[in-house]
Amino acid sequence: MWAGSVSGLSAFHPGGRTESFTTHNSPLSDDEVHAIAVDPTSGVVWVATASGLNRYDPFYVPPTQPVPRTLHVQVYPNPLLLTGLGATLRLRSDAPLVQGEVVDVTGRRVRRFGATASGQVFWDGRAEDGSLVEPGVYLIRAEAGGRQTITRLVLLR
């Protein structure tokens, strides 16, 4: 059963469990709900709010990220000149999201970087403990879709 109010939408499930939907935790366009209709065939819930009509499909499954057949990462510019502000590593990859880490030639992790879809990673030239790294050769270890690759980076000052 569904119920609407000026504070969003509530779904009441068998067994007593409830779910609340508002503009803060869902794509609901407005918390002022005027009407609710459920399509008995598909289960799709239509919600009329003060800002417009919303559609909720309880059986929607988001598509999975495609797994790259291979993972190739290019880092440029290379060699990389580190300034007082840091440096932007540009990653060119055939994967939609890449995450990884900068490691030194002994394999010690220097710094992690989070997932990026833009292909740019800002690195301030510091290790995870905040210390400035020395110029030299570093490896960029990247991962996407269960695949891993390593490429070399020369850091200059």
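The table below gives the values:
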| quantity | calculated |
| --- | --- |
| Zero-based 5 Å bins, Cα pair distances in the stretch 16-85, whole percents | 3, 11, 14, 14, 11, 6, 5, 7, 8, 9, 7, 4, 1 |
| Debye-sum result for the chain in log10 I(q)/I(0), which assumes one identical scatterer on each alpha carbon, at q = 0.14 Å⁻¹ | -0.73 |
| Residues THR106, THR88 arranged by fewest to most Cβ contacts within 10 Å | THR106, THR88 |
| Förster radius 30 Å - calculated FRET efficiency between ARG108 and THR64, Cβ distance, rounded to 0.05 | 0.35 |
| Residues ILE150, ILE36 arranged by fewest to most Cβ contacts within 10 Å | ILE150, ILE36 |
| GNM top mover of ARG111, ARG141, ARG55 - the chain, alpha-carbon springs below 10 Å | ARG55 |
| Per DSSP, loop chymotrypsin sites (Phe, Trp or Tyr not before Pro) in the stretch 23-76 with at most 14 further Cβ within 10 Å | PHE59, TYR60 |
| Alpha carbon centroid spacing (whole Å) that separates the stretch 17-49 from the stretch 106-157 | 44 |
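Bear in mind these aren't lab numbers, they're just calculated from the coordinates by the rules spelled out. What you are looking at is a predicted structure, and each value in this text was computed from that prediction instead of being measured. Cβ coordinates were reconstructed from backbone atoms using ideal geometry, including for glycine residues, and neighbour counts include every protein chain displayed.
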